[in-house]
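J.: Structure provided below as structure tokens; questions to follow.
The values are calculated or read from the model by the stated rules, or taken from the named source; none is laboratory data. Since this is a predicted model, take the numbers as computed values, not measurements. We place every Cβ from the backbone using ideal geometry, glycine too, and count neighbours over all the protein chains shown.
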Amino acid sequence: MSDTADDTTQSPSDTGLFNYVQLIYGLHAFAVLTGIFTSSTIAGRFVFGLPSIIAVIMNYARRAEARGTWLATHFEWQIHTFWYAFLWIGVTLLISAPLTLIVIGIFIAYAGIGIVGLWVAYRVARGWLALHKRQPMPRHEPPPAAIAP
């Protein structure tokens, strides 16, 4: 038997934070659905839509409260999803803009933004499902520093 506490147990204060994270996933999911069912793109609605902007602000506002709990991984997951989507949309547009002069840039932009949109939808769904199961999200750990002999 393990001496460590189970990471999935929740105190009454964690329940409020759990519901808060649910709300944030809901805002992100709303942005994704808006991108699917309107003439805009998933990635565009996710990064530039008001629901996701509010959600990322909410993430930063209460991230410190989750520190040391399994819910902290969900805060990190959501924040990383937002900023990486923003970064990849920018890179896609930066690469495709000069290439629009020879038409291929339009296809690169659509493909890149489409791929980012699918990635965002996957991350929102995967994170929300893991939260529902009360599971932490995997953390991105930096590689260990090389040790000189």
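J.: Name the single residue, out of those in the range 117-142 being among the aliphatic types (A, V, I, L, M) and at pLDDT 95 or above, that is farthest from V21 (Cα to Cα).
T.: The qualifying residue farthest from V21 (Cα to Cα) is L118.
J.: Another question about this same structure. Picking from T34, T73, T69, which residue would you name as being surrounded by fewer than 22 Cβ atoms within 10 Å (Cβ to Cβ), not basic (K, R) and not in a helix (DSSP H, G or I)?
T.: Exactly one residue qualifies, and that residue is T69.
J.: Oh, and also: Tell me yes or no: at least one residue of the range 109-124 is assigned to a helix (DSSP H, G or I), touching a residue at least 12 places away in the same chain (Cβ under 8 Å) and in contact with a Lys or Arg (Cβ under 8 Å, 6 or more places away or on another chain).
T.: No.
J.: Here's a follow-up. If I ask for residues that are touching a helix residue (DSSP H, G or I) at 6+ places or on another chain (Cβ under 7 Å) and over 14 Å from A31 (Cβ atoms), which ones from the range 107-123 would you list?
T.: Listed by number, the residues that qualify are I108, A109, G112, I113.
J.: Select, from T15, T81, the only residue that is at pLDDT below 95, part of a helix (DSSP H, G or I) and either more than 14 Å from R123 (Cβ to Cβ) or of a type outside the set (D, E) (or both).
T.: T15
J.: Another question, if that's okay. Name every residue in the range 58-72 that is small (G, A, S) and under 17 Å from Y25 (Cα atoms), in order of residue number.
T.: A61, A66, A72
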